[in-house]
1. About the Cα centre of the range 75-186, how large is the charge dipole given +1 on each Lys and Arg Cβ and -1 on each Asp and Glu Cβ? Please answer in debye to the nearest 20.
2. Computed over the Cα atoms of the range 197-355, what is the ratio Rg over Rh, Rh following Kirkwood?
3. Which whole-number percent of Cα pairs in the range 125-190 have a distance greater than 20 Å?
4. Lys/Arg Cβ at +1, Asp/Glu Cβ at -1, dipole of the range 250-371 taken about the Cα centre: which of Cys271, Gly357, Ser345 is farthest positive-ward?
5. Please report, in whole Å³, the volume per residue of the convex hull around the C-alpha atoms of the range 75-186.
6. What figure in square angstrom, to the nearest 10, would you give for the accessible area of Ile152 with a 1.4 Å probe?
7. Lys200 to Glu159: FRET efficiency via 1/(1 + (r/R0)^6), r the Cβ-Cβ distance, R0 30 Å, to the nearest 0.05?
8. Can you sort Lys256, Lys237, Lys349 by solvent-accessible area, 1.4 Å probe, largest first?
Amino acid sequence: MFGLCNTTEKYTKNFITLQRCMISTIYVLLEYYGHSEMQSTSQIPNNYDIDYENLIFYKNFQRIQPSQNQTTPNLAKYWITYIKPQDSNIINNLIKDKFKDRCDLLKHLKTFMKVKVDDTIYLKALLCDCESVNYTEIKEIVSQALIESKGITQKIKIEKADIPLNKPFDKDLNKKWSSEIWPIVWKGNPMIQELHESYKSFKVENDLKYIKLITELANSKHEDNQLPVVTIFVDPKIDRIISTQLDTRSPQNPIKHSIMNCIEEIAENECCRRKTASEEDSKASSNNYLCLNYHVYTTHEPCTMCSMALLHSRIDKLVYIKDSTITGSIGRESGNGYMIHLSCSLNWKFESFKYIGDQYNAPSIDEYIEV
Ligand SMILES: [Zn+2]
């Protein structure tokens, strides 16, 4: 009898422990994915080598992205106009034609919001940001589009509206911002979506190859007083190095950081190419962004100047090895926490990763030096 009681007690204790474990596991999952996201956890492909908690791909590359617990929207003023539902195609074509940047950056926003004015249904259409185009210009653009499509002039109403630049991280917040600010597309937790999108285009062998190369160069002998900071720019379409540069700053020229040197070299090469290329070749192969969709590998997290230069050059991906906790502009905890590569207020974004493996190492430098 005594033994039976003991056994029953043991089973009860085990059951309670098991139950607690299950509850805490569910609690952790709820905390991490947001309570509306339980369904999406079951959709995570099991062949992906991703550490979801620490945002690490292939155990070596940590994706740099903001924490997902922001509950307030980063608002911006955008132009909107009122149209009849049957004119939505005209606006869709206008946006594709004139405001493609806006489409790419704000994929999470719906283009139209249904409204009722004097018992008539209209659509509010989201156009572009108020900073890049003024009221007269946007009115003229919309007016022209409607005239060209319908052949008639009509009264146009243009207004300013707030829109959220950041994506809500769970379904309830999505619903709240959609009803209070502007309708937002919901395809599941945006952090998981972004992580998967990024992972699909990740070529780990190439990244390791270039990380190895920059660490070898940084660790080889340099001239006295030269910083062991190395950057390479790669065109991933052809897997070819376009530029390799060291930091060559001097008191006379303090901005010759390795990234700036690479961009300068690429610009000079492009100038030469344009001088010698025939007119037809120039038209066929030139674009307005020198480093469009390039991958950049650098030994040390870049400073604000270099990060902005990468953004203006429209690179696709940055991989660095050492944090610049005081002077960097990419890491979540670095410098002023700008995370320039994902800044909502700029017109381009790029992927950023920190190499966290222990196979390759970059030399340490003074943490107050901007690189
Ligand atoms: Zn720099």
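1. 260 debye
2. 0.97
3. Value for the range 125-190: 47 percent of Cα pairs lie more than 20 Å apart.
4. Positive-most Cα among the choices belongs to Ser345.
5. Taking only Cα atoms, the range 75-186 has a hull volume of 105 Å³ per residue.
6. 90 Å²
7. 0.15
8. Numbers: Lys256 50, Lys237 170, Lys349 75 Å².
Ranking Lys256, Lys237, Lys349 by accessible area, largest first, yields Lys237, Lys349, Lys256.
The values are calculated or read from the model by the stated rules, or taken from the named source; none is laboratory data. Keep in mind the model is a prediction, meaning the values are calculated, not measured. So basically every Cβ, Gly included, is an ideal-geometry build from the backbone, and we count neighbours across all protein chains shown. Heads up: the accessible areas ignore ligands, DNA and RNA and are worked out on the full protein's heavy atoms, side chains in. Shrake-Rupley method; radii C 1.70, N 1.55, O 1.52, S 1.80 Å.
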